[in-house]
Structures are given as structure tokens and as C-alpha cells.
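Have a look at the structure below, then the notes.
The values are calculated or read from the model by the stated rules, or taken from the named source; none is laboratory data. As the structure is a computational prediction, the values presented were derived from the model and not from experiment. Counting neighbours? That spans all protein chains shown, and the Cβs are built from the backbone with ideal geometry, glycine included. These accessible areas exclude ligands, DNA and RNA; they are computed on the full protein's heavy atoms, side chains included. Shrake-Rupley method; radii C 1.70, N 1.55, O 1.52, S 1.80 Å.
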Amino acid sequence: MHGPNGKHVTKITWDEFVKWQRWDEWPERLDNPPLTVETTFWYKEKEYMVTSLRGEYVIVTQPDFTEIICNKNFLTLLNMPFDNQKSFKELIGEFQFEN
């Protein structure tokens, strides 16, 4: 499948995202796992990125890097309201992730 920019995209589940981020390699950080892979995804025809800036984890719009939400704790960020009071974790099935 191809996204709005023509790049290959895929859908993933929360469990697949956790495996992709390799959180199992940091069992001591279950309450705040690391961002191991910057993530670009499409949602409602908009491109977003999960990354880190200034010592915080953020979800930004692409290509302008406008911050949508931020938090020092990565897991908390992914559970914060992102769109219509739903979190990244709750909406993950609706995203198209770039490979």
C-alpha cells in the first residue's frame, strides 16, 4: 500500500509497535521506554512524526515540525489525547506507517 506521498505504508497494531520499538530490551524502563525508531505516519491525510526534541518526546506535523503534543515520558506521550480526545495508542489502527 502507498501513502499520500507515494511512499510504502503499512498498518500495525500496538503490540507490533512495541516490538518495533524493541522495548523488551529495556525491562527496567517499562514505565518510560525509549524511542528507538523515529516514526512517520499518516492520519486523516496529514503526515506526522514521533521524535524527540529538547529532551522531550513529541508528535509533530510534517514537514513543518509543528508540535501537537509533548511529554518527557514516552509511554505517557503515546497515551495522551492526540485527536478527538483519543491517544496515539487508541488510534494506532487508523494510522498508516511509513516503512
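Would you point out the residue of segment 22-46, among those that are in contact with a helix residue (DSSP H, G or I) (Cβ under 9 Å, 6 or more places away or on another chain) and hydrophobic (A, V, I, L, M, F, W, C), that is nearest to F97 (Cα to Cα)?
Step one: of segment 22-46, the residues in contact with a helix residue (DSSP H, G or I) (Cβ under 9 Å, 6 or more places away or on another chain) are 23-24, 29-37, 39, 41, 43-44.
Going one step further and asking which of them are hydrophobic (A, V, I, L, M, F, W, C), we end up with 23, 30, 35, 37, 41.
Values: W23: 18, L30: 24, L35: 16, V37: 12, F41: 4 Å.
The extreme case among them is F41.
Select the strands (runs of 3 or more DSSP E) contained entirely in segment 1-73, then report the ones holding at least 3 residues which are surrounded by fewer than 17 Cβ atoms within 10 Å (Cβ to Cβ) and among the β-branched types (V, I, T).
Numbers: elements: 39-43, 46-53, 56-61, 67-71.
Filter on segment 1-73 gives an empty set.
Within segment 2-25, the residues that satisfy the criterion of being at pLDDT 90 or above and not acidic (D, E) are T10, K11, I12, T13, W14, F17, V18, K19, W20, Q21, R22, W23. Filtered by the rule that a residue be under 17 Å from T40 (Cα atoms), in a strand (DSSP E or B) and either touching a helix residue (DSSP H, G or I) at 6+ places or on another chain (Cβ under 7 Å) or open to solvent by 50 Å² or more (accessible area, probe 1.4 Å) (or both), segment 74-99 gives F82, D83, S87. Only one of the numbered conditions (1) at pLDDT 95 or above; (2) more than 16 Å from E98 (Cβ to Cβ) is violated by M49, and that is (2).
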